[in-house]
Amino acid sequence: MKKTYSILLVILQFGTIGVMLLLANYRFDLLSLIVFLAGVIVGIWALMHNRLGNFNIEPELKENCKLITTGIYKWIRHPMYASVTLMMLGVTLMDPRAVLWLLWLFLVNVLLLKAQREESLWISHDPCYHAYMKNTKYFIPYIL
């Protein structure tokens, strides 16, 4: 059942992103481009510190997973979700219609649910995770 929940969250995440990308009218401006590129940079930085085989799009722990606390993971626990949030915020800023803002808020909630799922697994998997949680934020350093 828990695996089904994880798969549902992935489907909701990618489905929402797909709908947003299809609905958006791409009017590039400096702010939307900066926000989008910030998301790309956060994602690349996270991937630079994540080894192949440790990364998972499902909020499930892989066998032999290892907690990463270097690079951007030193400040935030879910940089890939932060990356997606920023990139899709950039898309929303390009076409700030209410439907895109609602979809973006829905996406943020899905990503928060994925993060909560992962954290519950990490807490039971690694006794050091509580200390890591105290020293980091979810998505935004020093804030959230």
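Only the coordinates and a few stated rules stand behind these numbers; no lab work does. Since we're looking at a predicted model, the values are computed, not measured. Reconstructed Cβ throughout: ideal geometry from the backbone, glycine too, with neighbour counts over all protein chains shown.
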Helix 79-94 axis, angle to the chain major axis (alpha carbon atoms, nearest 10°): 10 degrees
Exposed trypsin sites (Lys or Arg not before Pro) absent: longest stretch of the chain, with sites in DSSP loops and at most 12 other Cβ within 10 Å deemed exposed: 98-144
Amide H within-cut-off set for I76, under 5 Å, with H built and near neighbours excluded: K137
F28 versus T4: modelled label distance in nm, points set 7 Å from Cα along the beta carbon direction: 4.5 nm
Point-charge dipole on Cβ atoms (K/R +1, D/E -1) for the stretch 2-135, about Cα centre, debye to 20: 160 debye
Shape box of the chain [Cα atoms, principal axes, largest first, Å]: 46, 33, 27
Positive-end extreme of charge dipole, the chain - chosen from P127, I41, L23 (charges on Cβ): P127
Where a label projected 7 Å from the Cα of R97 along Cα→Cβ would reach, residues of the stretch 1-30 with amide N under 13 Å: 19-27
Exposure proxy ranking, count of Cβ atoms within 10 Å, fewest first, for M88, M94: M94, M88
